[in-house]
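Here's the structure, in C-alpha cells; my notes come after.
The values are calculated or read from the model by the stated rules, or taken from the named source; none is laboratory data. Just so we're clear, the structure is a prediction, and the values are computed from it rather than from any experiment. Because the Cβ atoms are built from the backbone with ideal geometry, glycine has one as well, and the counts that use them run over all protein chains shown. For the accessible areas, the whole protein counts, side chains as well, though only heavy atoms, and no ligand, DNA or RNA atoms are used. Shrake-Rupley method; radii C 1.70, N 1.55, O 1.52, S 1.80 Å.
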Amino acid sequence: MAVSPPPAQSLPLTALRAFEAAARLGGFSAAAQELGVTPGAVSAQIKSLEDALQAPLFVRRPKQVTLTALGARVLPEFSAAFDQLNAASRHLREEAQPSTVHIATLPAIAQFWLSPRLPALRAAMPEMAVSVTATEEPPNLKRTPYDLCLFFGGQGEVIDQDVIFPVCAPSLAAQLRTPADLQNVPCLSDAVWAQDWELWLQAACPGETLHLRGPEYSLYSLAVEEAVNGAGVLIGHQALVAPLLDSGRLIAPFAERAGLPRELRLWSLRPSGPRSPAARVARWLAESR
C-alpha cells in the first residue's frame, strides 16, 4: 500500500501578517494598533514565525526593533501580497454588500459635520447603508475595510477650509471686548488640537504675549459642549461649529480669523465608476458643503 508523505507545514498567516505589519510600520506597537491586538501578541506571533524558520527576522534592542537582512529582503513581497489579499477582500465585500459604504473620520467631524447630514443623505439615497467609524488618525485604506476617509489634511477633494477663531456662549461674550480680555476668562482647549490657541493668537495678535488659562479636554466634542454651557472660550473650527453659530448657541466675540494650511478633505483608495455606492455618497457629501 502506498504511503503518503505528511503534508508540508505552512507558515501561519497570522504570524506572516504580524511580521509584515511590524516590518512596514517599524515596530511592534504600531503593528499592534493596525491589527487591533496587543504588542505582546505581535511579538509572540513573530517569535513563532522565527522559530518555524529557524532564522531571525528582527534585531531586538531596548525600545527598538530593526529588520535583519532576511526580513528586509522579503518585506516587499509580503507587502504586495497582503495588499492584493486585502484588495480581493474589499472586492468580495462590495459584491456581497453592493449598497454599503463605510466612512472613517475624525470623532469631531463625525459629530459636528457628518452626523447632521446623514438624515438628508438617507432621504436622498434610501437604498444605501452608510456606516461611520470615528478614529483619530486616517486609516490605511489598503489594510482596512473603509471606502471613504474624511479628515483635515491629507489628500482628496477639498470639502471646506479649516478656519479657526474663538467662540463662546452669549452669556460670556459681554466680558470680551478685545483679545486681551481672554486672560480674564477660562480658555478651553482639546488634546488633539492643543496648538489652536497659539495659532490663532499668532494671526490675531502678532507680537503680543497673552497668558491664557483653562481646562483641556480629551475630546473636542466635550470642549464644544462646555463652551455652549458657558464654561469658557474655545477655538472653534468653522466647518464644525457653523451650525452652532447659526443657531446662536455660540457666538464669535472677535472678528479676527486664522486660516490653517490644511483643508477638510474627502478621499477614497481607488478610482471607481461614477455610479458606484462610494462615488455617489462622496459626490453627495461634497455637494452638501
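Over the chain, what is the mean sequence separation of C-alpha contacts under 8 Å (at least six apart), divided by residue count, expressed as relative contact order in percent?
20 percent
Fully extended, how many nm does the chain gain between ALA41 and GLU287 (0.36 nm per residue separation, minus their Cα-Cα distance)?
Gain on extension, ALA41 to GLU287, equals 84.1 nm.
With every protein chain in place, what's the accessible area of GLU137 (1.4 Å probe, Å², nearest 10)?
Here the residue's solvent-accessible area equals roughly 120 Å².
Tell me, what HN-Hα J-couplings in whole Hz come from the Karplus equation 6.51 cos²θ - 1.76 cosθ + 1.60 at θ = phi - 60° for each residue of region 61-69, using x for Gly and Pro?
10, x, 6, 7, 10, 10, 6, 6, 4
When Lys and Arg each count +1 and Asp and Glu each count -1, what net charge do the other residues less than 12 Å away from GLY153, Cβ to Cβ, add up to?
That works out to -1.
Could you tell me the relative contact order of region 131-267? Use alpha-carbon pairs under 8 Å, at least six residues apart, and round to a whole percent.
About 47 percent, as a whole number.
Can you check what the net charge comes to around LEU260, using other residues whose Cβ is under 10 Å from the Cβ of LEU260 (Lys, Arg +1; Asp, Glu -1)? Walk me through the numbers on the way to the answer.
Values: positive: ARG262; negative: ASP162, ASP196, GLU263.
Summing Lys and Arg as +1 and Asp and Glu as -1 gives -2.
Compute the signed sum of charges (Lys and Arg +1, Asp and Glu -1) over the other residues within less than 13 Å, Cβ to Cβ, of PRO12. It would help to have the intermediate numbers written out before the result.
Numbers: positive: ARG17, LYS47; negative: GLU20, GLU50, ASP51.
Its environment carries a net charge of -1.
Got a sec? What order do HIS211, HIS91, HIS237 fall in by accessible area at 1.4 Å, biggest, i.e. largest, first?
HIS211, HIS91, HIS237
Report the calculated FRET efficiency for VAL74 and ARG213 (r = Cβ-Cβ distance, R0 = 51 Å), to the nearest 0.05. Walk me through the intermediate numbers first.
Details: r = 54 Å, r/R0 = 1.06.
My answer for the efficiency is 0.40.
If one computes the Cα centroid of region 171-222 and of region 115-151, what distance in Å separates the two points?
First find each Cα centre; the distance between them is then 32 Å.
May I ask you to give the percent of accessible area on region 173-289 that is carbon plus sulfur, with a probe radius of 1.4 Å?
50 percent
Only Cα pairs under 8 Å and at least 6 apart count here; give the relative contact order of region 1-140 as a rounded whole percent.
Taking the mean separation of contacting Cα pairs over the length of region 1-140, I get 18 percent.
Tell me what the chain gives for mean residue ellipticity at 222 nm when only DSSP H runs of n ≥ 4 count, each as -39,500 (n - 2.57), the sum divided by the residue total, rounded to 500 deg cm²/dmol.
-12000 deg cm²/dmol
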